[in-house]
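Enquirer: First, the structure itself, so that you have it in front of you.
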Amino acid sequence: MPDFWEHPKEAQVQMKKIKDLQAWIEGYEEIDKITEELQLAWDFLKEGLVEEEELDRIYADTIAKIEALELRNMLRREEDKMSAVLKINSGAGGTESQDWASMLMRMYLRWAEKNGYKTSIANLLDGDEAGIKSCTINIEGDFAYGYLKSENGVHRLVRVSPYNAQGKRMTSFASVFVTPLVDDTIEVKVEPALMSWDTFRSGGAGGQNVNKVESGVRLRYQFTDPYTGEQEEILIENTETRDQPKNKENALRQLRSILYNKELEHRMQEQAKVEAGKMKIEWGSQIRSYVFDDRRVKDHRTGHQTSDVNAVMDGDIDGFIKSYLMQFAAVEE
């Protein structure tokens, strides 16, 4: 079409579809190639041309690539392909729960880094003595939301707290809430009349790093649920940059993501009614326990667990993500 690029939004949608199809083609070609290598390695082993260790390595690599493509096949919904907004809130419990929230923030940032995702801190509220009270992270890249939707819910930490003089075991909670980060190709209706803005200075408590310009923005949106009629005020703060217009743009993007996610929640509630006899995917329920002293991390929805606590806290959560998707993808369809 000669006028293809004269309609940028429509062109962007089509290019995204082409990119998605290309990814599947490349995935198939990669597996086709490595299975041929595996067959050749088997033939060479019988002829004494390669060692058994080399065959084992190629076999393990083949299985890993097939399982990765199978896992991506579980992510078929429109929103699964999107980037993600991940918000962490510390629970009651003061410094201990705020420290736990900061540990989770590091875990997800490390996971994103290992998987090649771009991250940015949209908002961060430091704890009173240590840790954080809350943070909002944008995690940008293909299928970020599809993978991280498994993390929605309450995460429980059990450990001997360094902040407790008696050396007692303490239990702390933090909630994780993940929404799709929508882009311009997704239609979301935002009513300007329902928005109000104010600005504030963002930065540290003082010193050279404090921002003397009111670059932080606070967006309030008066939302009425179209299905229930319930009203609520959506509050978004953004201090991502020192540029106020850029922060406003980022806050609006987060608002569109929240509104889009509210529609997704409605769909999930409708599906839950149909799937009443099955285990429900509950947003906001306790989903995982991290017991440091017993060296155990266990997901209560899938039963998946590991004793390698350090690896998990260093961002190795793919086993939990995979178990969740394999068990619940069929329920979501």
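The values are calculated or read from the model by the stated rules, or taken from the named source; none is laboratory data. Treat the numbers as computed from the prediction; the structure is a model and nothing was measured. A quick note on method: Cβ atoms are made from the backbone with ideal geometry, for glycine too, and the neighbour counts reach across all protein chains shown. With ligands, DNA and RNA removed, areas are computed over all heavy atoms of the protein, side chains included. Shrake-Rupley method; radii C 1.70, N 1.55, O 1.52, S 1.80 Å.
Enquirer: Specify which of the listed residues (Asp225, Asp184) is over 24 Å from Ile88 (Cβ atoms), at pLDDT below 90 and of a type outside the set (Phe, Trp, Tyr).
Expert: Working: Asp225 fails: at pLDDT below 90.
Testing whether each residue is over 24 Å from Ile88 (Cβ atoms), at pLDDT below 90 and of a type outside the set (Phe, Trp, Tyr) leaves just Asp184.
Enquirer: Moving on to the next point. So which residues in the range 173-199 are open to solvent by 70 Å² or more (accessible area, probe 1.4 Å) and closer than 18 Å to Leu235 by Cβ, if there are any at all? I'd like the intermediate steps shown before the answer.
Expert: If we filter the range 173-199 for residues that are open to solvent by 70 Å² or more (accessible area, probe 1.4 Å), which is where we start, we get 173, 177, 184, 187, 189, 191-193, 197.
Within the range 173-199, Phe177, Glu191, Pro192, Ala193, Trp197 qualify.
Enquirer: May I pose another question? State all residues of the range 106-155 that are assigned to a loop (DSSP other than H, G, I, E, B), in contact (Cβ under 8 Å) with a residue 40 or more places away in the chain and charged (D, E, K, R); if no residue qualifies, say none.
Expert: From the range 106-155, those assigned to a loop (DSSP other than H, G, I, E, B) are 115-117, 127-131, 141-143, 152; that's our starting set.
So of that shortlist, the ones also in contact (Cβ under 8 Å) with a residue 40 or more places away in the chain come out as 131, 141-143, 152.
Within the range 106-155, Asp142 is the sole residue that qualifies.
Enquirer: When you check Leu75 against the structure, is it surrounded by 14 or more Cβ atoms within 10 Å (Cβ to Cβ), over 19 Å from the mean Cα position of the chain (by Cα) and modelled with pLDDT of 85 or more, yes or no? Quick ask: steps written out before the conclusion?
Expert: Details: surrounded by 14 or more Cβ atoms within 10 Å (Cβ to Cβ): yes; over 19 Å from the mean Cα position of the chain (by Cα): no; modelled with pLDDT of 85 or more: yes.
Here the answer is no, as Leu75 does not meet what is asked.
Enquirer: Out of Arg256, Arg301, I need the residue that is open to solvent by less than 50 Å² (accessible area, probe 1.4 Å), outside any helix (DSSP H, G or I) and modelled with pLDDT under 95. Which one?
Expert: Checking each option against the conditions leaves just Arg301.
Enquirer: Of the conditions (1) modelled with pLDDT of 85 or more; (2) open to solvent by 50 Å² or more (accessible area, probe 1.4 Å); (3) under 28 Å from Asp183 (Cβ atoms); (4) under 27 Å from the mean Cα position of the chain (by Cα), Ile63 clears all except one; give me its number.
Expert: Condition not satisfied by Ile63: (3).
Enquirer: If you take the residues in the range 207-222 that are at negative phi and at pLDDT below 50, which one is surrounded by the fewest Cβ atoms within 10 Å (Cβ to Cβ)?
Expert: Of the residues in the range 207-222, the ones at negative phi are 208-222.
From what is left, the residues that are at pLDDT below 50 are 208-210.
Numbers: Gln208: 6, Asn209: 8, Val210: 11.
Top of the filtered list is Gln208.
Enquirer: Inside the range 124-167, can you point out the residues that are over 19 Å from Phe292 (Cα atoms) and touching a Gly at 6+ places or on another chain (Cβ under 9 Å)?
Expert: Selection gives Asp126, Gly127, Asp128, Glu129, Lys133, Gly141, Asn152, Gly153.
Enquirer: Among all residue pairs at least 6 apart or on different chains, which show Cβ distances below 6 Å where the first residue, located in the range 156-168, is at pLDDT 80 or above and the second is open to solvent by 90 Å² or more (accessible area, probe 1.4 Å) and among the charged types (D, E, K, R)?
Expert: Val160/Arg169
Enquirer: Right, something else. Where residues in the range 40-59 are in a loop (DSSP other than H, G, I, E, B) and open to solvent by 100 Å² or more (accessible area, probe 1.4 Å), which of them is farthest from Glu30 (Cα to Cα)? Talk me through it step by step, then tell me what you get.
Expert: Filtering the range 40-59 down to residues in a loop (DSSP other than H, G, I, E, B) leaves 47-51.
Of the ones still in play, those that are also open to solvent by 100 Å² or more (accessible area, probe 1.4 Å) are 47, 49, 51.
Working: Glu47: 26, Leu49: 24, Glu51: 23 Å.
The qualifying residue farthest from Glu30 (Cα to Cα) is Glu47.
Enquirer: Please enumerate the residues belonging to the range 60-105 that are of a type in the set (D, E, K, R) and not in a helix (DSSP H, G or I).
Expert: Within the range 60-105, the first condition is being of a type in the set (D, E, K, R), and the residues that meet it are 61, 65, 67, 70, 72, 76-81, 87, 96, 99.
Within the range 60-105, Arg76, Arg77, Lys87 meet the criteria.
Enquirer: Still on this model: Kindly indicate whether any position in the range 83-93 is at pLDDT 80 or above and over 30 Å from Asp128 (Cβ atoms).
Expert: Within the range 83-93, one or more residues are at pLDDT 80 or above and over 30 Å from Asp128 (Cβ atoms).
Enquirer: Moving on to the next point. Being more than 15 Å from the chain's Cα centre (by Cα) and free of Cβ contacts under 8 Å to residues at least 60 places away in the same chain is the filter; apply it to the range 307-322 and report the residue that is most open to solvent (accessible area, probe 1.4 Å).
Expert: Residue satisfying both the conditions and the ranking: Asn310.
Enquirer: Please work out which residue is most open to solvent (accessible area, probe 1.4 Å), limiting yourself to the range 110-147 and to residues that are of a type in the set (D, E, K, R) and closer than 23 Å to Ser97 by Cα.
Expert: Glu129
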